[in-house]
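Okay, structure first, notes after.
The values are calculated or read from the model by the stated rules, or taken from the named source; none is laboratory data. Just so it is clear, the model here is predicted, and its values are computed rather than measured. Note that we place each Cβ from the backbone using ideal geometry, even for glycine, and neighbour counts take in every protein chain shown. Protein only, heavy atoms only, side chains kept; ligands, DNA and RNA dropped before computing areas. Shrake-Rupley method; radii C 1.70, N 1.55, O 1.52, S 1.80 Å.
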Amino acid sequence: MTGLKLRVRFAPSPTGELHIGNARTALFNWLFARHNGGAFLLRIEDTDQVRTSAVYEKNILADLKWLSLDWDEGPGKEGQFGPYHQSQRAGMYEPYLNKLRQAGLAYPCYCTADELEAERMGLIAGKMPPRYGGKCRNLTDEERKEKERVCGQPAFRFKVGEGQAEFSDLIRGAMKFDCGALGDFIIMRSDGTPAYNFAVVVDDHLMKITHVIRGEDHLSNTASQILLYKALGFEPPVFAHHSLITGKDRAKLSKRHGSVSVREFRERGFLPEAIINYLSLLGSSFGEGQEIFPPDRIIREFSLEKTGKASAVFDEDKLKWINGAYIRSYSVEELTEALAPFVRKAGYDPNLFERGWLHSVVAAVQGNLTLLADIGGYLDLFYGQRCVISDEAAELLRQGRAPEVIKLFYNALLPGNLPDDDLYNAVVQKVRKESGAKGRELYMPLRAAITGSTQGPELDRIFSILGREKLLKRLALVVGEK
Ligand code: GLU
């Protein structure tokens, strides 16, 4: 393989939204290409006509772009090895099927779906591996003709034979699979479309893929594919099978664990940088001790061996923490821009806000946002009429000197008492002097009364955003004034 540019591919089937685990596979391929100066290809595996959907494909492409996982060849970026949709490569597989047939390594299979299912169930009931028994393997020419007349177009199976399928995995080392367990597998369906294992081998060969990086759930497929490479006389690529993402219970990450698609994370207000950062470090031994890695550093330090082997237990709290760190790294202008869709989602039109006012809200809450969607609650607080007092805040407002302190704040804020300039400091100073309260005793009742919560942005910022009139209204509700 010397002298050949390193080429990897991500090959999603558009039968669902981009799963966070698949995004991690795409990321590993992308990082491997970028780290080694190779090419990253995107191939759409859309031969399953029933489950494939154009909407899923559109969403997968959009999500990859959103994550900045740009491809060098693929849809919208045709290179010399296209087309990059399997459905558009229809004529490319038949010559290889013929090659296998001529070598006596593929044969037509006339078994119906019902027959195959009955065989499968029987084997499972007898506690045997559910593999094809080879019913059509040794039919005579006569028998084949007769079957064709009755059953129509056959599917084609690969004759697996004896022995072992072996390969060396970049992450897992030497791998060996017993061919006996595989059974003769379908390579071409009766409708003329290639089956997954066959299409992938032909495509990876024709696209000059040098490394195949994918999840360990594909290990047994790789065994089948290795046999096809050998039978077709192709040099196999280097394989690397990374671990899968699991929930805390060590079961493969699925809907019952919470959000699983990139789209869901995006809609909940996670930033792409945070997802990339988190997935790069997930189950990895690189980056230990440091959680925030800018992309150029990830590319520089990425290593498949360090990243792909360890178990990858998904921890949404950690992802949230990283998300908060990226939110804090944005400028106020950038963050306001990123928040716009979430402002809309919360029922507000960002264009109707005065720009300076919106920027001051964003600056005030930047340190408190974990998800972009959190902005909705703050807009309710600062702009809307809603200020719901939490149970904790209500309890605090009843305790100790809180009622007295709040009354003094209310009086200090009444028009005419203090000038608007530097209102916050003036008010606090006055109440401190009059009440003798300081620290939590002074600030917490004020916070609880004007925000309804015991935590949140800095009080001086809240003061200047709300303004005297709103502050008085909120305090009035607590002190019982009209
Ligand atoms: N279309 C396959 C999948 O989404 C690709 C697997 C592979 O990388 O070969 O699982």
| query | Setting aside same-chain residues fewer than 8 positions from K65, which lysines have a Cα under 16 Å from its Cα? | reply | K77
| query | Taking R0 as 25 Å, what's the FRET efficiency between Y443 and W357 from their Cβ-Cβ distance, rounded to 0.05? | reply | 0.55
| request: Straight distance only, please: which lysines reach the Cα of K430 with their own Cα at less than 26 Å, same-chain residues fewer than 8 apart left out? | output: K407, K438, K470, K473, K482
| Mean separation of Cα pairs under 8 Å and 6+ residues apart, divided by the residue count of the chain: what relative contact order is that in percent? | 12
| query | In the full protein assembly as shown, how much of C151 is accessible to a 1.4 Å probe, in Å² to the nearest 10? | reply | 70
| query | Can you give the accessible area of L339 in Å² (nearest 10), computed on protein heavy atoms with a 1.4 Å probe? | reply | 0
| field | Segments 74-81, 414-421 sorted - mean Cβ within 10 Å per residue, highest first | value | 74-81, 414-421
| In the full protein assembly as shown, how much of I186 is accessible to a 1.4 Å probe, in Å² to the nearest 10? | 50
| query | Counting only protein chains, not ligands or nucleic acids, how are S68, S259 ordered by accessible area (probe 1.4 Å), most first? | reply | S68, S259
| Entries in K252/K309; K58/K99; K99/K145 that, when Cα-Cα distance is taken, lie over 24 Å | K58/K99
| query | For R51 and E434 in one chain, what is 0.36 nm times their gap in residues minus the Cα-Cα distance, to one decimal in nm? | reply | 130.7 nm
| said: Can you list residues from other chains, or at least 5 along the same chain, whose modelled amide H is less than 5 Å from the amide H of V212? | reply: V238, F239, A240
| query | FRET efficiency for R328 and K208, Cβ-Cβ distance as r, R0 = 41 Å, nearest 0.05? | reply | 0.40
| field | Heavy-atom accessible surface of the range 333-422: percent carbon and sulfur, 1.4 Å | value | 51
| task | Just report the Cα centroid separation between the range 101-162 and the range 291-365, whole Å. | result | 54
| query | Solvent-accessible area per residue for the chain at a 1.4 Å probe radius, Å²? | reply | 48
| remark: Expressed in nanometres to one decimal, the distance between label points 7 Å along Cα→Cβ at E119 and R131 is 1.3
| request: Please give the calculated 222 nm ellipticity per residue for the chain, where each DSSP H segment of at least 4 residues contributes -39500 (n - 2.57) and the sum is spread over every residue; nearest 500 deg cm²/dmol? | output: -14500 deg cm²/dmol
| Put L408, L67 in order of accessible area, largest first, 1.4 Å probe: what do you get? | L408, L67
| query | What's the FRET efficiency of R250 with N221 using the Cβ-Cβ distance as r and R₀ = 30 Å, to the nearest 0.05? | reply | 0.85
| the range 74-195 - percent of accessible surface contributed by carbon and sulfur, probe 1.4 Å | 51
